[in-house]
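What follows is a set of notes on a single structure, which appears directly below.
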Amino acid sequence: MVNLIYGQLQDNIRQGKKVDKPLLNWFLVTFVLSWLTFGVAIIYVFIKRILRVDKYIRRKIEYFDMVIHFIEVESNERGLEDYEDIMNNLKNKLNNFKNESLYIMPYFIKAFIPLIIFTTFLVLFIFFTGYENIEMWLLLVIGIVWALFAFGVIIVYIYKMNKVWDDIQKFEYAMYVEISRAFIELKLIEHPIMYYMDLSIKKEFVKYTILGFITCGVWFLVWDYYVHTAPDKLYNTFHGAETTVLEIIKSCCRRD
């Protein structure tokens, strides 16, 4: 059984290392490709960010499911003093995270659909009415309303993308605390699994929004850069802890 779990875990981690890679360079996308592609590159990167976090979450849920299963198997073999307490904590944390995080993709889809519909409506309205037949003041009002609406959707998107990676690292930290506790009681390790949270990942929404307005939008670009590169700072910690757990489980395969 341990050999089977080890093989599945190995495949999961190997797949993660293939997927968990930096996206296109932010400066290249923002200042070059966005202009050359008439904004298509920006949309592409926005979608890739969502897919990246969605794939990571789904893989990590499977990963922790397998680790919990391993602890159950080892507990039957070796005995675990606080078995029920540890298992309840692990399963509750995983279930809570699963229930909250699997709505990430639908959330972003729901957020952008109204903007797409609104934009399509405005384009069709201008096309069928005729640009020359629309009063300038009305065009100005339409432009302002569209810009404010798009701006609001994008700011919320940036905030949520920033928050989700911070939520992920906090969730994993809490999981590894319990996993370490179980491994120590099972006498598989002597010290807790190393996992450091990057406290600089999460940015304050109110602070960054105010700075964005004060700097006439420049700080929103800075914020977007942080969102774009945040996962790259976390991957080493994520993968390091996974590798440690994999080695611990591997050491149990000899007797399986």
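Nothing in this text is a laboratory measurement; each read-out follows from the coordinates by a stated rule. Since the model is a prediction, treat every value here as computed from it, not as a measurement. Positions of Cβ are backbone-derived with ideal geometry, glycine not excepted, and every protein chain shown enters the neighbour counts.
Loop-resident chymotrypsin sites (Phe, Trp or Tyr not before Pro) (DSSP state other than H, G, I, E or B) in the stretch 152-256 with no more than 12 further Cβ atoms inside 10 Å of their Cβ: Tyr196. Just grab the label-to-label distance for Ala147 and Glu204, each label 7 Å out from Cα along the Cβ direction, in nm (one decimal). Once both label points are built, they end up 2.9 nm from each other. Counting Lys and Arg as +1 and Asp and Glu as -1 over every other residue whose Cβ lies under 10 Å from the Cβ of Phe108, the net charge comes to +2.
Taking other C-beta atoms within 10 angstrom as a stand-in for reagent exposure, Leu199, Leu221 fall in the order Leu199, Leu221, fewest first. So what does the Cα-only Debye profile of the stretch 38-99 read at q = 0.14, 0.18, 0.20 Å⁻¹, as log10 I(q)/I(0), no solvent term? The Debye formula, applied to the Cα set alone, gives -0.55, -0.71, -0.80. Between the stretch 76-116 and the stretch 142-194, what's the alpha-carbon centroid distance in Å? After rounding, the separation between the Cα centres reads 12 Å. Considering only Trp137, Ile68, Leu246, and ranking their Cα positions along the charge dipole of the chain that arises from unit charges at the beta-carbon of Lys, Arg, Asp and Glu, the one farthest toward the positive end is Trp137. Ellipticity at 222 nm from helices only: DSSP H runs of n ≥ 4 in the chain, each -39500 (n - 2.57), divided by the residue count, give -27500 deg cm²/dmol.
Around the amide H of Ile189, modelled in the peptide plane, lie the amide H atoms of Ile184, all under 5 Å away and 5 or more residues distant in sequence or on another chain.
Against the main long axis of the alpha-carbon atoms of the chain, helix 83-101 sits at an angle near 10°.
Within 12 Å, Cβ to Cβ, of Lys91, how many net charges do the neighbouring residues add up to if Lys/Arg are +1 and Asp/Glu are -1? Taking every Cβ under 12 Å from that of Lys91, the sum is -3.
Looking at the stretch 158-188, the trypsin sites (Lys or Arg not before Pro) that sit in a DSSP loop and have at most 11 other Cβ atoms within 10 Å of their own Cβ are Lys187. Placing dummy labels 7 Å off each Cα toward the beta-carbon, the span from Ile47 to Lys17 is 3.0 nm. Note that the stretch 178-184 has calculated 3J(HN,Hα) couplings of 6, 5, 4, 4, 5, 4, 5 Hz, one per residue in order, obtained from phi through the Karplus relation 6.51 cos²θ - 1.76 cosθ + 1.60 (θ = phi - 60°); glycine and proline are x. In this rough spin-label picture, where each label sits 7 Å from Cα along the Cβ direction, the Leu124-Phe27 distance is 4.3 nm. Relative to the 2.2 N^0.38 Å rule of thumb, the chain has a C-alpha radius of gyration ratio of 1.29.
Residue separation of Lys110 and Glu72 scaled by 0.36 nm, minus their Cα-Cα distance, works out to 9.8 nm of gained length. Angle of helix 218-251 to the longest C-alpha principal axis of the chain, folded into 0 to 90 degrees and rounded to 10: 20°. A straight chain from Glu62 to Trp137 at 0.36 nm per residue would run longer than the Cα-Cα distance by 21.5 nm.
For His191 and Leu211, the FRET efficiency from 1/(1 + (r/R0)^6), where r spans their Cβ atoms and R0 equals 45 Å, is about 0.65.
Overall, the stretch 2-255 carries a charge dipole of about 540 debye about its Cα centre when +1 sits on the Cβ of Lys and Arg and -1 on the Cβ of Asp and Glu, all other atoms neutral. Across the options Leu221, Tyr157, Asn95, the greatest Cα extent toward the positive end of the charge dipole of the chain (unit charges at beta carbon of Lys, Arg, Asp, Glu) belongs to Leu221.
Calculated from the alpha-carbon coordinates, the stretch 1-90 shows an Rg and a Dmax of 20.1, 62 Å respectively.
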